[in-house]
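Worksheet: the structure to be examined is printed underneath.
The values are calculated or read from the model by the stated rules, or taken from the named source; none is laboratory data. The shown structure was predicted, so the numbers you read here are calculated from the model rather than taken from an experiment. Every residue, glycine among them, receives a Cβ derived from its backbone with ideal geometry; neighbour counts consider all protein chains shown.
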Amino acid sequence: MEPILKIENLTKNYGAIYAINNLSLTVNRGDIFGILGPNGSGKTTTLSIILGIIKQDTGNFTWFNKANILDNKKIGALVEQPNFYPYLSLVDNLNIVAEIKQVSNIEKEINRVLELVSLHERQLSKFNTLSLGMKQRLALAALLLGDPEILILDEPTNGLDPKGIVEVREIIISEAEKGKTIIIASHILSEIEKVCSHVAILQKGKLIKQAKVDEILKIEDTIIISSDDIDVLYEAIARSGMFQKLDKIENEIHIILNNDYFPKDINKFAFENGFILSKFEVKKKSLEEQFLKIIK
Ligand code: ATP
């Protein structure tokens with residue numbers, strides 16, 4: 001694992017408010033790293049510091065293990081809404097961005113990014129004729145100019161309708177599949193869950209938890225079963241050793257399986273031992289539940 005970004009003990013306060021408080025985390029090459037937190041938890045402040053837009057009070061961060069060197073060509077960021085010219089076409093707007101970014105092969109590169117965000121057909125439309133979703137995709141196109149290896153996105157689906165959200169998500173996933181390192185800040189748990197490989201959960205500027213998304217999700221689907229012979233069934237399952245956690249709650253048995261078993265094994269076990277289940281339910285623990293529990 002090659003660290004791309006290391007943040008160590010970063011703190012930024014505004015008077016009595018700690019926007020971020022002693023924050024440390026590491027993003028490795030190829031991670032799709034979600035920074036998840038409610039409003040005001042310090043996500044934008046964190047991204048602004050690592051992009052050199054504002055300065056931290058204490059602590060430090062390194063990109064590619066080089067202190068304080070920010071190679072803008074390697075990083076494409078969408079933290080503030082880009083200022084496109086309303087009466088210029090998409091191509092003309094992208095031309096201006098490409099010039100600023102000193103992108104080579106400008107024409108080819110603009111065609112490439114317009115294809116990627118499915119705006120090629122609208123390339124000669126004026127910016128102010130685009131829908132909100134299209135404007136957001138154009139912002140992504142601008143960010144992708146020059147093919148940066150790291151993408152940083154602050155609330156990339158904010159304000160979009162469900163179709164727009166899916167479109168933006170698909171662009172992010174297709175970039176991720178090329179092996180890019182992507183950092184996404186969001187307060188929308190399902191977004192992080194669908195896109196990210198890793199997540200850091202922030203609350204009031206503090207890191208509450210950092211983990212792989214599938215590790216957080218893996219923890220514990222609960223199987224809820226019921227039967228007329230609930231006490232006998234409970235004893236049988238207690239002897240089976242299939243669980244990490246077993247509870248009898250009123251007339252239900254709640255089971256968290258150990259890693260060797262799947263929910264269907266419980267069904268099979270009950271059937272083979274002569275129990276008829278009147279209830280069989282698998283309660284998936286979404287990141288949302290975990291998140292709400294964590295920040296409680
Ligand atoms: P949101 O999801 O609402 O965008 P966030 O997680 O990005 O929130 P930040 O914008 O980083 O959070 O803000 C963190 C805290 O720092 C908030 O309490 C905010 O009010 C405060 N803050 C941020 N910038 C400033 C500023 N320039 N002056 C004073 N306080 C600020």
When segment 97-122 is examined, which residues are found to be polar (S, T, N, Q) and within 25 Å of the chain's Cα centre (by Cα)? Ser118
Taking segment 169-206 only, how many residues are modelled with pLDDT under 90 and either on the phi > 0 side of the Ramachandran plot or away from the ligand (no atom under 16 Å from the Cβ) (or both)? 2
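Rundown of residues vs (1) under 23 Å from Asn158 (Cα atoms); (2) outside any helix (DSSP H, G or I), yes/no style:
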{"residue": "Ile184", "(1), (2)": "yes, yes"}
{"residue": "Glu191", "(1), (2)": "yes, no"}
{"residue": "Ala200", "(1), (2)": "yes, yes"}
{"residue": "Lys209", "(1), (2)": "no, yes"}
{"residue": "Ile223", "(1), (2)": "no, yes"}
{"residue": "Asp231", "(1), (2)": "no, no"}
{"residue": "Ala236", "(1), (2)": "no, no"}
{"residue": "Ile255", "(1), (2)": "no, yes"}
{"residue": "Lys264", "(1), (2)": "no, no"}
Looking only at segment 14-30, filter to residues that are within 14 Å of the ligand (Cβ to nearest atom) and small (Gly, Ala, Ser); which one of those is nearest to Thr44 (Cα to Cα)? Ala19
Where the second residue is of a type in the set (A, V, I, L, M) and crowded, with 18+ Cβ neighbours inside 10 Å and the first is at positive phi and lies in segment 125-147, which pairs have Cβ atoms under 9 Å and are six or more apart or on separate chains? Gly146/Ala98; Gly146/Val103; Asp147/Val103; Asp147/Val113
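Yes/no per residue for (1) at positive phi; (2) touching a helix residue (DSSP H, G or I) at 6+ places or on another chain (Cβ under 7 Å):
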{"site": "Leu10", "(1), (2)": "no, yes"}
{"site": "Gly15", "(1), (2)": "yes, no"}
{"site": "Ile20", "(1), (2)": "no, yes"}
{"site": "Ile35", "(1), (2)": "no, yes"}
{"site": "Ile50", "(1), (2)": "no, no"}
Cβ pairs under 6 Å, 6+ apart, first in segment 155-171 and free of Cβ contacts under 8 Å to residues at least 60 places away in the same chain, second in a loop (DSSP other than H, G, I, E, B): Ile165/Thr157; Val168/Pro156; Val168/Thr157; Ile171/Val117
Any chance segment 37-53 includes a residue that's free of Cβ contacts under 8 Å to residues at least 40 places away in the same chain, near the ligand (Cβ under 8 Å from one of its atoms) and assigned to a loop (DSSP other than H, G, I, E, B)? no
Scanning segment 1-13 for residues that are surrounded by fewer than 17 Cβ atoms within 10 Å (Cβ to Cβ) and more than 16 Å from the ligand (Cβ to nearest atom), which turns out modelled with the lowest pLDDT? Met1
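What number of residues in segment 240-281 are of a type in the set (Val, Ile, Thr) and touching a helix residue (DSSP H, G or I) at 6+ places or on another chain (Cβ under 6 Å)?
To start, the set of residues in segment 240-281 that are of a type in the set (Val, Ile, Thr) comprises 249, 253, 255-256, 266, 276.
Now narrow it down to the ones that are touching a helix residue (DSSP H, G or I) at 6+ places or on another chain (Cβ under 6 Å): 253.
Looking only at that region, the number is 1.
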Pairs only if they're at least six apart or on different chains, beta carbon under 9 angstrom, first in segment 187-215 and farther than 20 Å from Arg169 by Cβ and free of Cβ contacts under 8 Å to residues at least 60 places away in the same chain, second away from the ligand (no atom under 16 Å from the Cβ) and assigned to a strand (DSSP E or B); list them, first residue then second. Ala211/His198
Tell me which residues, restricted to segment 238-253, are in a helix (DSSP H, G or I), of a type outside the set (A, V, I, L, M, F, W, C) and surrounded by 11 or more Cβ atoms within 10 Å (Cβ to Cβ). Ser240
Considering Phe61, Phe84, which residue is more than 12 Å from the ligand (Cβ to nearest atom), surrounded by 17 or more Cβ atoms within 10 Å (Cβ to Cβ) and more than 22 Å from the chain's Cα centre (by Cα)? Phe84
